């Protein structure tokens with residue numbers, strides 16, 4: 001189930017009028033149908049969805065893990081969904097990401113090297129005018145697992161997620177960086193082995209074809 005399919009599922013579950021919901025979050029139903037439902041949502045759209053459905057569990061919405069609804073959240077957050085609000089929402093998420101990076105003495109360049117993502121793209125999303133993607137949000141959450149996802153996206157709730165506290169340093173510390181690199185190295189070696197095996201099979205097939213053509 002994609003993130004957009006999860007949105008549609010919770011709308012059906014809660015009996016929310018779809019067209020009114022799409023108007024409230026500044027999108028159309030076409031964004032959630034057909035091939036469009038397989039495209040990601042940016043951080044602003046997710047913040048707007050949370051504003052419209054404040055008891056939705058953001059971890060479930062983004063990853064599909066955990067409970068669909070957060071029974072501890074029942075308040076309705078009122079916002080005016082103007083163009084200015086949407087732009088401000090994305091800006092505030094970026095400010096919170098910068099706050100996290102500063103607290104852990106990290107930066108986009110360091111994260112791009114650790115996770116193997118494009119440094120320019122990541123930097124433009126965090127420090128530039130490019131809208132944040134869901135992948136960047138998940139990257140920040142993965143690098144700093146104790147950071148509250150709801151707080152990161154909306155500014156609501158606790159900055160530190162008491163339910164996800166891992167009692168270890170963020171992954172940007174040397175120990176966890178090395179573990180991540182080692183896992184990548186293992187994966188690379190496995191892929192290299194598969195490539196070598198495929199190349200060997202190709203050579204054997206070529207040799208077999210040469211023998212057939214000489215008959």
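What follows draws every value from the coordinates through simple rules; no lab data is involved. In this text, all values refer to a predicted model and were calculated from it rather than measured experimentally. Don't worry about glycine lacking a Cβ; one is built from the backbone with ideal geometry, like all the others, and counts go over all protein chains shown.
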Q: Compute the length gained on full extension between residue 109 and residue 16: take 0.36 nm times their separation in residues and subtract their Cα-Cα distance, giving the result in nm to one decimal.
A: 29.3 nm
(Q) Would any residue of region 11-51 have its amide N under 11 Å from a label point 7 Å out along Cα→Cβ of residue 5? List them or say none. (A) 37-38
Q: Provide the gained length on full extension for the span residue 35 to residue 200, in nm with one decimal, where the gain is 0.36 nm per separating residue minus the Cα-Cα distance.
A: 55.5 nm
Q: Let me know the whole percent of all Cα-Cα pairs from region 3-154 that are separated by more than 28 Å.
A: 19 percent
